[in-house]
Amino acid sequence: MKLGIQLYSVRDRLGKDFSGTLAALKSMRFEGVEFAGQYGGLNPGETAAALDQVGLTCCGMHSDPATLMDTFIRRGLCRIPRF
């Protein structure tokens with residue numbers, strides 16, 4: 001079983017040391033993280049690189065529907081699957 005953690009639960013530490021917190025979570029055997037509004041001041045590419053560097057993946061994102069539509073779907077960064 002793979003484990004993920006919501007980054008909101010470590011928000012204070014994230015604000016002080018974003019990359020170090022990601023590394024610490026990986027050392028605790030987490031494999032994925034769910035974002036909740038804190039990206040360490042990094043742009044999306046830098047955020048992805050920070051995750052890659054420590055071997056974590058994004059397994060979720062806490063977002064309101066309007067932001068999700070505007071930021072991700074309309075800009076072509078993700079697609080809604082068709083079933």
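The values are calculated or read from the model by the stated rules, or taken from the named source; none is laboratory data. None of the values given here were measured: they were computed from a predicted structure. With ideal geometry, Cβ positions are generated from the backbone for all residues, glycine too; neighbour counts draw on all protein chains shown.
Counting only residues that are under 16 Å from residue 62 (Cα atoms) and small (Gly, Ala, Ser), which one in the range 20-42 is farthest from the chain's Cα centre (by Cα)? It would help to see each step written out before you state the result.
So the first thing to find is which residues in the range 20-42 are under 16 Å from residue 62 (Cα atoms), and the list is 32-40.
Then keep just the ones that are small (Gly, Ala, Ser); that gives 32, 36-37, 40.
Working: 32: 8, 36: 8, 37: 9, 40: 10 Å.
This residue is 40.
If you check every pair at least six apart or on different chains, which have Cβ atoms under 9 Å apart with a residue in the range 1-29 that is of a type in the set (Lys, Arg) first and a residue that is in a helix (DSSP H, G or I) and surrounded by 14 or more Cβ atoms within 10 Å (Cβ to Cβ) second?
13/21; 13/24; 26/54
Considering each residue of the range 43-56, count those that are in contact with a helix residue (DSSP H, G or I) (Cβ under 7 Å, 6 or more places away or on another chain) and either modelled with pLDDT under 85 or over 23 Å from residue 12 (Cβ atoms) (or both), and give that number.
1
The rows are residues; the columns are (1) farther than 22 Å from residue 65 by Cα; (2) part of a loop (DSSP other than H, G, I, E, B).
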{"residue": "2", "(1), (2)": "yes, yes"}
{"residue": "5", "(1), (2)": "no, no"}
{"residue": "8", "(1), (2)": "no, no"}
{"residue": "13", "(1), (2)": "yes, no"}
{"residue": "20", "(1), (2)": "yes, no"}
{"residue": "24", "(1), (2)": "yes, no"}
{"residue": "29", "(1), (2)": "yes, yes"}
{"residue": "34", "(1), (2)": "no, no"}
{"residue": "37", "(1), (2)": "no, yes"}
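Listed residues 32, 60, 40; which is modelled with pLDDT of 75 or more, surrounded by 10 or more Cβ atoms within 10 Å (Cβ to Cβ) and under 14 Å from residue 21 (Cβ atoms)?
Working: 32 fails: under 14 Å from residue 21 (Cβ atoms); 60 fails: under 14 Å from residue 21 (Cβ atoms).
That would be 40, the only listed residue that is modelled with pLDDT of 75 or more, surrounded by 10 or more Cβ atoms within 10 Å (Cβ to Cβ) and under 14 Å from residue 21 (Cβ atoms).
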